[in-house]
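Heads up: the structure comes next, in structure tokens.
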Amino acid sequence: MHVYNGIELIEGLGRDCNVYVIDGSIIIDSGTGNYFVEMKKKIEAFCDTSSISLLINTHCHFDHTGGNKKFRDWLKLQIAAHSQDRDSIETGKDALAEMFGQSSRIMTLDRVLENGSVINTKNFSFEVIHTPGHTPGSICLFEKKKKILVSGDTLFDDAVGRTDFPGGNKEQMIQTLKKLAALEPQYLLPGHGSPKIGGIGFMAKQIINFVNESKEI
């Protein structure tokens, strides 16, 4: 699905996350790997896969990382994620594979990201925003000029990622939402569900109230 000029969305099948392909050179998240064949066909249909060189995990959970090895074997690309989720991705600890009836598919990261890291493509310059709360190393990618936020499981259309999983933290999520609201994004590309245009900063502020009042999210 075309969601912005240069950005394609492969909607998650089953319990898989959304997968985004940016400028035919970067992939955001890899799903569980259960639907890799279907993803591969869709990606080959709209871009020259020889130009894809990097796969970024927005966080360590299996529905976003389980397909990493299959993508690496196919495209010989690099895998990148935030340093604070590195251990989970490389050991399988707290990746929650068992929730999907799977075993963790561990692998070594090629590139470690930090808050402020910049990912450039032909038409975009995404800054890595460290957004703990769902996991310690959750990240969003923000394109400042175009106001595009790729949010992983940190922020959905009128919801947030759960904080009651291992490594989750409600107080950190509240601070993360404040940070994202201040960015005033105009396009939200979440890890699950539909993209959203407009009103995202206001929505994040409203969700802060919900998180504050909730015993568990």
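The values are calculated or read from the model by the stated rules, or taken from the named source; none is laboratory data. A quick note: this is a predicted structure, and the numbers were derived from the prediction, not measured. Methodologically, a virtual Cβ is constructed for each residue, glycine included, from the backbone with ideal geometry; neighbour enumeration extends over all protein chains shown. Side chains are part of the model used for accessible areas, which takes the heavy atoms of the whole protein and leaves out ligands, DNA and RNA. Shrake-Rupley method; radii C 1.70, N 1.55, O 1.52, S 1.80 Å.
With VAL112, VAL150, VAL128 as the choices, which residue is in a strand (DSSP E or B), surrounded by fewer than 19 Cβ atoms within 10 Å (Cβ to Cβ) and under 16 Å from the mean Cα position of the chain (by Cα)?
On the way: VAL150 fails: surrounded by fewer than 19 Cβ atoms within 10 Å (Cβ to Cβ); VAL128 fails: surrounded by fewer than 19 Cβ atoms within 10 Å (Cβ to Cβ).
The match here is VAL112.
Return the only residue of GLY137, GLY133, GLY168 being open to solvent by less than 10 Å² (accessible area, probe 1.4 Å), over 19 Å from LEU55 (Cα atoms) and either assigned to a loop (DSSP other than H, G, I, E, B) or without any contact (Cβ under 8 Å) to a residue 12 or more places away in the chain (or both). Before the answer, list the steps.
On the way: GLY137 fails: over 19 Å from LEU55 (Cα atoms); GLY168 fails: open to solvent by less than 10 Å² (accessible area, probe 1.4 Å).
Step by step, each of GLY137, GLY133, GLY168 is checked, and only GLY133 is open to solvent by less than 10 Å² (accessible area, probe 1.4 Å), over 19 Å from LEU55 (Cα atoms) and either assigned to a loop (DSSP other than H, G, I, E, B) or without any contact (Cβ under 8 Å) to a residue 12 or more places away in the chain (or both).
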Mind checking whether some residue in segment 143-161 is among the hydroxyl-bearing types (Ser, Thr, Tyr), out of contact with any Phe, Trp or Tyr (no Cβ under 7 Å at 6 or more places or on another chain) and modelled with pLDDT of 95 or more?
yes
Among the listed residues ALA81, ALA95, which satisfies the condition of being touching a His at 6+ places or on another chain (Cβ under 9 Å), crowded, with 20+ Cβ neighbours inside 10 Å and part of a strand (DSSP E or B)?
ALA81
Within segment 38-57, take every residue that is hydrophobic (A, V, I, L, M, F, W, C) and touching a helix residue (DSSP H, G or I) at 6+ places or on another chain (Cβ under 9 Å) and give me the one that is nearest to ALA95 (Cα to Cα).
LEU55
Filtered residues of segment 20-58 (kept if open to solvent by less than 10 Å² (accessible area, probe 1.4 Å), out of contact with any strand residue (DSSP E or B) (no Cβ under 8 Å at 6 or more places or on another chain) and of a type outside the set (Gly, Ala, Ser)):
THR32
Does any residue of segment 2-11 turn out to be touching a Lys or Arg at 6+ places or on another chain (Cβ under 9 Å), open to solvent by 80 Å² or more (accessible area, probe 1.4 Å) and farther than 30 Å from ASP164 by Cα?
no
Hits in segment 177-204 (condition: closer than 12 Å to THR131 by Cβ and open to solvent by 50 Å² or more (accessible area, probe 1.4 Å)):
LYS178, LYS179
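Taking segment 1-33 only, how many residues are part of a loop (DSSP other than H, G, I, E, B) and touching a residue at least 60 places away in the same chain (Cβ under 8 Å)?
Selection size over segment 1-33: 11.
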Determine the pairs where a residue that is under 14 Å from ILE106 (Cβ atoms), located within segment 63-82, has a partner that is among the aliphatic types (A, V, I, L, M) and part of a helix (DSSP H, G or I) with Cβ atoms under 6 Å apart, the partner being 6 or more residues away or on another chain.
THR65/ILE89; ALA81/ILE89
